[in-house]
């Protein structure tokens with residue numbers, strides 16, 4: 001039977017289960033990556049397993065999120081991660097070496113391999129023909145220990161690309177078009193796979209931009225073929241021996257089909273506050289802007305930076321605009337300097353930031369009050385920028401640069417500028433900022449700072465639960481709503497008790513105190529609850545506050561897995577309209593929940609305030625049921 005690229009990789013790595021969409025499978029993981037906002041917790045969990053050395057082919061820890069050191073906390077966590085890596089066989093990418101996904105694409109990604117990362121944008125690796133999946137830190141810790149990664153076998157969506165992009169239209173516009181078609185929840189339970197003649201016209205960095213923002217579709221991952229374009233990119237990185245051809249079989253049948261003619265696309269923008277709220281830039285032309293931020297793991301490659309430099313060259317950023325540029329890696333930064341592109345940006349008035357995530361995760365550069373900020377990033381969730389009423393638009397590098405010099409939204413196709421950027425035949429290679437682990441880690445001392453606190457561990461599921469509905473929220477609640485990021489909060493990622501005071505800050509500042517006074521309770525949510533980042537803190541912090549279950553219309557994939565791993569019940573309404581029956585403050589009772597979960601029976605919740613009974617669903621595998629009964633994955637692992 002003809003197979004897609006994704007099916008081939010899954011088949012080659014299958015540990016358990018059958019490749020039937022909707023059924024649980026497990027796969028062997030070849031590589032892992034972490035970043036410092038999620039990495040500290042992942043390594044604490046890895047240490048708790050008592051395994052001496054990682055069992056993967058390659059594991060890499062990146063420092064790219066918490067690089068603003070306004071106190072001891074981030075520096076202490078970086079020191080902890082570096083010593084853990086040295087001891088346990090993990091490569092360590094130092095601060096300043098670059099954003100995890102950009103560096104991994106350049107230096108470590110291999111076609112046909114599996115990659116699991118504690119960052120939701122790990123699917124960037126799909127631009128190289130990898131099966132690259134974002135997950136919670138605990139899942140990554142298990143994979144580092146040699147354990148399989150469990151997931152629901154996805155459906156495969158085939159997106160056929162034809163034609164070729166016109167000048168001033170970019171890969172960012174391709175993925176924005178896909179988001180416009182599929183929406184932020186259209187990829188749930190699916191892998192998006194690209195094919196067709198148009199694929200050959202896209203470079204690996206362009207493909208990586210598209211797979212990166214596949215995370216915003218809610219997709220398990222996105223995958224491009226590994227072909228002659230891939231081979232040329234790896235050769236330019238001095239890694240031609242890593243090339244493996246990965247193509248779909250002739251006559252393969254996809255579960256869903258979409259076709260996009262690249263030659264018909266125009267510059268697009270995602271409007272506040274959702275990546276799928278997409279319109280043509282021409283519709284926004286002339287709207288005054290306040291800020292432009294270029295970079296992030298989506299658009300910080302060498303070619304992206306060179307396009308920006310060519311548009312800025314000889315121009316000046318408008319006096320009403322503050323513009324920042326964050327190169328994706330030390331490699332990109334150095335090549336920008338050597339080519340003169342960096343000078344063009346500086347002369348135009350752009351502010352050059354370090355090679356890190358920076359403004360994308362609210363680490364500085366928040367816009368002014370109600371400021372309109374154009375960003376080449378992947379998310380524009382409300383409050384994520386650090387400014388509560390910031391109006392964030394997601395655009396391509398070309399649109400960002402053109403608008404920066406005009407002072408307002410500008411369709412770059414209207415500029416009389418001839419930009420032409422060729423992919424280099426040879427990238428500058430210098431891996432001196434990557435530290436290899438010790439050959440023998442027994443004598444390495446792991447250094448821990450006072451900010452590192454024990455992480456919460458769930459308790460075995462009780463026979464019944466009676467608690468209030470602590471909070472009721474609407475559709476598309478993101479992990480930024482549940483557990484915000486930003487310069488004020490990120491330094492405490494290894495300190496769950498401190499983080500707890502910010503839980504649901506965007507929705508209801510009183511939530512943490514209410515949860516503590518009630519000794520926990522339930523959260524009621526709408527559609528696509530928990531979309532966005534892979535941060536397991538959005539489950540660990542509610543666990544610490546005593547949240548026993550989240551009852552929603554539907555869940556985002558990674559967050560649902562994180563809830564289960566933490567021992568929090570992810571329950572959905574059998575009849576979505578029953579969401580309207582429960583109000584915040586209602587006393588709810590799951591009076592036979594352990595028995596119902598053990599037996600695989602229907603689950604009922606009783607609203608004692610309104611004297612009504614509501615049927616719920618706990619969509620889980622048998623293994624996940626045992627994890628929930630044990631009170632989380634760590635307990636389950638220890639018990640088994």
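The values are calculated or read from the model by the stated rules, or taken from the named source; none is laboratory data. None of the values given here were measured: they were computed from a predicted structure. When we count neighbours, we look across all protein chains shown, and the Cβ atoms used for this are built from the backbone with ideal geometry, even at glycine.
Scanning the range 512-529 for residues that are closer than 16 Å to residue 585 by Cα and crowded, with 22+ Cβ neighbours inside 10 Å turns up 515, 521, 522, 523, 524, 525.
Checked against the criterion of being out of contact with any helix residue (DSSP H, G or I) (no Cβ under 7 Å at 6 or more places or on another chain) and free of Cβ contacts under 8 Å to residues at least 40 places away in the same chain, the candidates 584, 596 yield just one match: 596.
Of the strands (runs of 3 or more DSSP E) contained entirely in the range 1-47, those carrying at least 2 residues that are more than 22 Å from residue 621 (Cα to Cα) and assigned by TED's automatic domain parsing to the domain that holds residue 79 fall at 31-35. Taking the range 483-572 as the region of interest, the helices (runs of 4 or more DSSP H) fully inside it that hold 3 or more residues being within 23 Å of the chain's Cα centre (by Cα) are 537-544, 557-566. Within 18 Å of residue 135 (Cα to Cα) and either touching a helix residue (DSSP H, G or I) at 6+ places or on another chain (Cβ under 8 Å) or assigned by TED's automatic domain parsing to the domain that holds residue 184 (or both): does that describe residue 620? Considered against the rule, which asks whether it is within 18 Å of residue 135 (Cα to Cα) and either touching a helix residue (DSSP H, G or I) at 6+ places or on another chain (Cβ under 8 Å) or assigned by TED's automatic domain parsing to the domain that holds residue 184 (or both), residue 620 comes out as yes. Would you mind stating whether residue 491 is within 25 Å of residue 362 (Cα to Cα), touching a helix residue (DSSP H, G or I) at 6+ places or on another chain (Cβ under 7 Å), modelled with pLDDT under 95 and surrounded by 18 or more Cβ atoms within 10 Å (Cβ to Cβ)? Judged against the criteria, residue 491 is a match.
Only residues that are part of a helix (DSSP H, G or I) and either crowded, with 24+ Cβ neighbours inside 10 Å or without any contact (Cβ under 8 Å) to a residue 60 or more places away in the chain (or both) were counted in the range 334-357, giving 11. Here residue 115 does not fit the description of being surrounded by fewer than 24 Cβ atoms within 10 Å (Cβ to Cβ), over 15 Å from residue 237 (Cβ atoms) and under 17 Å from the mean Cα position of the chain (by Cα).
When you scan the range 437-449, do you find a residue that is in contact with a strand residue (DSSP E or B) (Cβ under 9 Å, 6 or more places away or on another chain), at pLDDT 95 or above and part of a loop (DSSP other than H, G, I, E, B), even just one? Scanning the range 437-449 turns up at least one residue that is in contact with a strand residue (DSSP E or B) (Cβ under 9 Å, 6 or more places away or on another chain), at pLDDT 95 or above and part of a loop (DSSP other than H, G, I, E, B). Take the conditions (1) within 18 Å of residue 140 (Cα to Cα); (2) surrounded by fewer than 21 Cβ atoms within 10 Å (Cβ to Cβ); residue 56 misses just one of them, which is (2).
Against the test of being in a loop (DSSP other than H, G, I, E, B), in contact with a helix residue (DSSP H, G or I) (Cβ under 8 Å, 6 or more places away or on another chain) and at positive phi, the options 300, 296 yield a single qualifying residue, 296.
Of these, 443, 389, which one is without any contact (Cβ under 8 Å) to a residue 24 or more places away in the chain and either crowded, with 18+ Cβ neighbours inside 10 Å or closer than 25 Å to residue 494 by Cα (or both)? Break it down stepwise before answering.
Working: 389 fails: either crowded, with 18+ Cβ neighbours inside 10 Å or closer than 25 Å to residue 494 by Cα (or both).
Among 443, 389, only 443 is without any contact (Cβ under 8 Å) to a residue 24 or more places away in the chain and either crowded, with 18+ Cβ neighbours inside 10 Å or closer than 25 Å to residue 494 by Cα (or both).
For residue 315, the conditions (1) closer than 28 Å to residue 217 by Cα; (2) in contact with a helix residue (DSSP H, G or I) (Cβ under 6 Å, 6 or more places away or on another chain); (3) part of a loop (DSSP other than H, G, I, E, B) all hold with the exception of (1). Taken over the range 455-472, the residue count meeting the criterion of being modelled with pLDDT of 95 or more and either within 27 Å of residue 494 (Cβ to Cβ) or buried (at least 19 other Cβ atoms within 10 Å of the Cβ) (or both) is 9.
The criterion of at least 3 residues that are in contact with a strand residue (DSSP E or B) (Cβ under 8 Å, 6 or more places away or on another chain) and closer than 29 Å to residue 16 by Cβ is met, among strands (runs of 3 or more DSSP E) falling completely within the range 52-165, by 58-62, 114-117, 131-134, 149-152, 155-162.
Six or more apart or on different chains, Cβ under 7 Å: which pairs go from a residue in the range 190-211 that's not assigned by TED's automatic domain parsing to the domain that holds residue 556 to one that's at pLDDT below 95? Could you list them? Within 7 Å, the pairs are 203/423. Inside the range 166-182, can you point out the residues that are in a loop (DSSP other than H, G, I, E, B) and surrounded by 20 or more Cβ atoms within 10 Å (Cβ to Cβ)? Across the range 166-182, the qualifying residues are 168, 169, 170. From the list 368, 378, pick out the single residue that is in the same structural domain as residue 308 (by TED's automatic domain parsing), in a loop (DSSP other than H, G, I, E, B) and within 23 Å of residue 208 (Cα to Cα). Residue meeting the stated conditions: 378. Of all the numbered requirements in (1) surrounded by 24 or more Cβ atoms within 10 Å (Cβ to Cβ); (2) farther than 18 Å from residue 30 by Cβ, residue 199 misses one, and that requirement is (1).
Could we say that residue 388 is at pLDDT below 95 and over 25 Å from residue 203 (Cβ atoms) here? It is true that residue 388 is at pLDDT below 95 and over 25 Å from residue 203 (Cβ atoms).
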